[in-house]
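In what follows, a single structure is set out as structure tokens and then discussed.
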Amino acid sequence: MHITLRQLEVFAAVASHESFTRAAEALHLSQPGVSMQIKQLESSIGLPLFEHVGKKIFLTDAGREMYNYSQGISHLLDEAEDVLETLKGVQSGKLAISVATTASHFATRLLAAFSHRYEGVTISLDITNRESLRHQLENNVPDLVIMGQPPENMDVESETFMENPLVMIAPANHPLVKEKNIPLSKFENEHFVVRESGSGTRDAIQRVFDEHGVTFRTGIEMTSNEAIKQAVEAGLGLGIVSIHTLELELETQRLVILDVENFPILRYWYILQRKGKRLSPVAQAFKQFVLDEASKFIRLPK
Ligand code: PGA
């Protein structure tokens with residue numbers, strides 16, 4: 001049986017996402033590329049690994065066996081990599097960080113400061129949504145994750161390092177700009193420009209509206225905070241974003257923060273890894289750096 005680690009990686013991604021398309025997205029490959037790797041793997045093994053029922057795919061018995069082995073092999077490889085990273089020490093290791101979309105607004109600054117301090121370290125940064133961070137944690141992809149709320153029902157070691165206030169933004173000429181302590185109920189009929197479902201920000205907003213018995217009406221959905229700010233500025237609706245995404249827009253008064261009752265919605269940023277994961281010296285150094293010094297490098301708008 002001649003199989004490659006790449007084939008196993010592609011196979012594990014299809015099995016865990018239960019989809020060729022989503023696996024292709026996660027691995028930054030084309031869908032035909034993924035199908036080809038699976039075909040080659042199946043022909044080396046001599047058995048089908050997936051069966052297609054309607055639009056869904058399921059592992060065959062052989063697929064399930066192979067999945068267990070692929071998980072074991074992948075854990076062994078991770079362990080080997082961790083041990084080798086430990087031997088390299090902090091000066092020349094590798095660091096794989098995954099962050100939630102909103103955290104990307106400050107994560108690059110943190111990574112820049114860290115890499116100036118440890119010049120030999122090679123860093124990779126993946127920016128993605130909460131759902132995909134969850135998958136990555138399950139599959140032990142990143143060394144560390146930065147997100148707005150540790151995932152539920154998963155054993156992680158998480159620590160909080162900074163506040164993440166969510167504010168309501170409006171264009172500078174909005175009629176409510178000068179009002180104080182505006183009741184949340186005033187926004188009952190407002191259509192907000194919102195992040196995609198699966199975004200931590202969106203979940204938090206929905207919770208606060210639900211808690212106060214106010215309907216949260218969603219208008220246009222966008223996967224980027226930058227796009228939301230531009231849409232709000234263009235008058236497509238109000239928005240609710242983390243204060244970390246705002247800087248120039250407030251300074252240049254292209255957007256304003258409305259003074260709304262129960263706002264800002266107070267959240268926190270967490271840095272975390274799967275429980276039991278052995279952090280390399282570089283990952284440990286980065287985690288400590290974030291916990292001790294993050295606020296020094298992150299400028300919040302006044
Ligand atoms: P986002 O925010 O997923 O809305 O980008 C990060 C988070 O709150 O987890």
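The values are calculated or read from the model by the stated rules, or taken from the named source; none is laboratory data. Everything numeric here is computed off the predicted structure, so don't read it as measured data. Note that each Cβ is placed from the backbone with ideal geometry, even for glycine, and that neighbours are counted across all protein chains shown. Accessible surface areas use protein heavy atoms only, side chains included; no ligands, DNA or RNA. Shrake-Rupley method; radii C 1.70, N 1.55, O 1.52, S 1.80 Å.
Compared with the direct C-alpha span, the chain from residue 36 to residue 173 gains 43.8 nm at full extension, assuming 0.36 nm per residue. For residue 144, the residues whose modelled amide H falls within less than 5 Å of its own, excluding neighbours fewer than 5 places apart on the same chain, are 96, 98. Extension gain for the segment residue 292 to residue 182, taken as residue separation times 0.36 nm less the Cα-Cα distance, is 35.9 nm to one decimal.
Note on residue 131 and residue 81: with the Förster distance fixed at 25 Å, the Cβ-Cβ geometry gives a FRET efficiency of about 0.45. For segment 92-141, what does the alpha-carbon gyration tensor say about shape, rounded, prolate or oblate, given a ≥ b ≥ c as the root eigenvalues, a/c under 1.5 as rounded, and a/b over b/c as prolate? Because a/c hits 1.5 or more and a/b fails to exceed b/c, segment 92-141 counts as oblate.
For residue 212 and residue 300, the difference between the fully extended length at 0.36 nm per residue and the C-alpha to C-alpha distance is 28.9 nm. Build a GNM of the chain with springs between Cα atoms under 10 Å apart, and of 208, 145, 193 the one that fluctuates most is 208. Close amide H partners of residue 60, meaning residues 5 or more places away or on another chain with modelled amide H under 5 Å apart, are 50, 51.
Just checking the listed ones, 17, 212, 244: in the Gaussian network model of the chain with Cα springs under 10 Å, the one fluctuating most is 212.
Heavy atoms of the protein chains alone define the surface here; on that basis segment 164-266 has 46 Å² accessible area per residue at 1.4 Å probe size. FRET efficiency for the pair residue 73 and residue 44, taken as 1/(1 + (r/R0)^6) with r the Cβ-Cβ distance and R0 = 22 Å, rounds to 0.90. If you take the alpha carbon atoms of segment 5-76 and fit the smallest convex hull around them, that volume is 80 Å³ per residue.
Once both labels are positioned 7 Å from their Cα atoms along Cα-to-Cβ, the gap between residue 28 and residue 189 label points is 4.8 nm. Shape class of segment 164-266 from the alpha-carbon gyration tensor: rounded, with the ratio a/c of largest to smallest axis under 1.5.
Computing FRET efficiency as 1/(1 + (r/R0)^6) for residue 6 and residue 91, where r is the C-beta to C-beta distance and R0 is 25 Å, gives about 0.25.
Carbon-plus-sulfur accessible fraction, the chain (probe radius 1.4 Å, protein heavy atoms only): 51%.
Restricting to bridges with both residues inside the chain, how much of the DSSP beta-bridge set is antiparallel, in percent to the nearest 5?
Of those bridges, close to 60 percent are antiparallel.
Oblate is the label for the chain. Its Cα gyration tensor axes, ordered a ≥ b ≥ c, give a/c of at least 1.5 and b/c at or above a/b. Only helices at least 15 Å long along their axis, Cα-based, and averaging 0.5 or more on Kyte-Doolittle count here, so list those DSSP H runs from the chain. Both cut-offs are met by 5-17.
Note on the chain: with charges restricted to the Cβ of Lys and Arg (+1) and Asp and Glu (-1), its dipole about the Cα centre is near 380 debye. Using a Gaussian network model of the chain in which every pair of alpha carbons under 10 angstrom is joined by a spring, one finds that among 150, 32, 171 the greatest mean-square fluctuation is at 32.
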